[in-house]
1. What residue, of ASP67, ASP38, ASP24, ASP18, is charged (D, E, K, R) and touching a residue at least 40 places away in the same chain (Cβ under 8 Å)?
2. Quickly run through segment 87-114 and pick out the residues that are among the hydrophobic types (A, V, I, L, M, F, W, C) and part of a helix (DSSP H, G or I).
3. Going by the structure shown, is VAL150 buried (at least 17 other Cβ atoms within 10 Å of the Cβ), at pLDDT 95 or above and part of a loop (DSSP other than H, G, I, E, B)?
4. Out of all the residues in segment 135-142, is one or more in a strand (DSSP E or B), over 24 Å from THR61 (Cα atoms) and either over 17 Å from the mean Cα position of the chain (by Cα) or β-branched (Val, Ile, Thr) (or both)?
5. Checking the conditions here, which among ARG34, ARG73 is in contact with a Ser or Thr (Cβ under 7 Å, 6 or more places away or on another chain) and farther than 16 Å from GLY125 by Cβ?
6. Taking ASP118, is it in a loop (DSSP other than H, G, I, E, B), over 27 Å from ALA29 (Cα atoms) and either touching a His at 6+ places or on another chain (Cβ under 7 Å) or modelled with pLDDT under 95 (or both)?
7. Looking at segment 2-36, which of the residues that are in contact with a Pro (Cβ under 8 Å, 6 or more places away or on another chain) and of a type in the set (A, V, I, L, M) is farthest from ALA129 (Cα to Cα)?
8. Can you spot a residue in segment 8-26 that is more than 14 Å from the chain's Cα centre (by Cα) and part of a helix (DSSP H, G or I)?
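The values are calculated or read from the model by the stated rules, or taken from the named source; none is laboratory data. Just so it is clear, the model here is predicted, and its values are computed rather than measured. Quick reminder, even Gly has a Cβ in these numbers, built from the backbone with ideal geometry, and neighbours come from all protein chains shown.
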Amino acid sequence: MARLIASAIASLDGYTVDAAGSFDWAAPAEDLHRFVNDLERPIGTYLYGRRMYETMRFWGTQAATDDPSAVIREYAAVWQAADKVVYSSTLDEPSTPSTRIVRSFDAAEVRALVDAADRDVSVGGSTLAGEAMRAGLVDEIHLFAVPVVVGGGTAFFPVGLRMELELIATDRFPDGAVHLHYRVMS
């Protein structure tokens, strides 16, 4: 059975972007990027909000495919192979293959999509992931905490959310980043 997985790279104080909207501080080192590639390989479908999709569609470009770094090219191939569902009331057409636009988030539809999937589904972007968490749809969380405190911005977890989590694994990287893998307890 497929799982709905929420994942993010976040500052140590839990923000995915800082108060200025930047996430330059979150660029993963090559070893962390390779680890992410391995985690993402089983993903069959990505669920994105518009802003996350606009950020991630870089991975569908020739620049990503032709990058001299093997780890970048590998992630581009992983991303391109997956289906994408973008929740947006403003986008008319997707700009990447294997992508469809859905006007609004519907928890029952997402649950049905995950239940019918033969590969895991990933929900990305703090706002959309937060909706999925609030609806009780998320099965697992992969949080990559990078060694920086940004003091504000967009939090990965929505304010007021309470979830019980079981730690499955931790991984530590030379640059000080830590991967935390949790199962959401029902």
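1. On inspection, the qualifying residue turns out to be ASP18.
2. Matches in segment 87-114: ALA107, ALA108, VAL110, ALA112, LEU113, VAL114.
3. Criteria met by VAL150.
4. yes
5. None of the others qualify; the one that does is ARG73.
6. So ASP118 does not fit the description; no.
7. ALA29
8. Within segment 8-26 (the criterion being more than 14 Å from the chain's Cα centre (by Cα) and part of a helix (DSSP H, G or I)), the answer is yes, since at least one residue qualifies.
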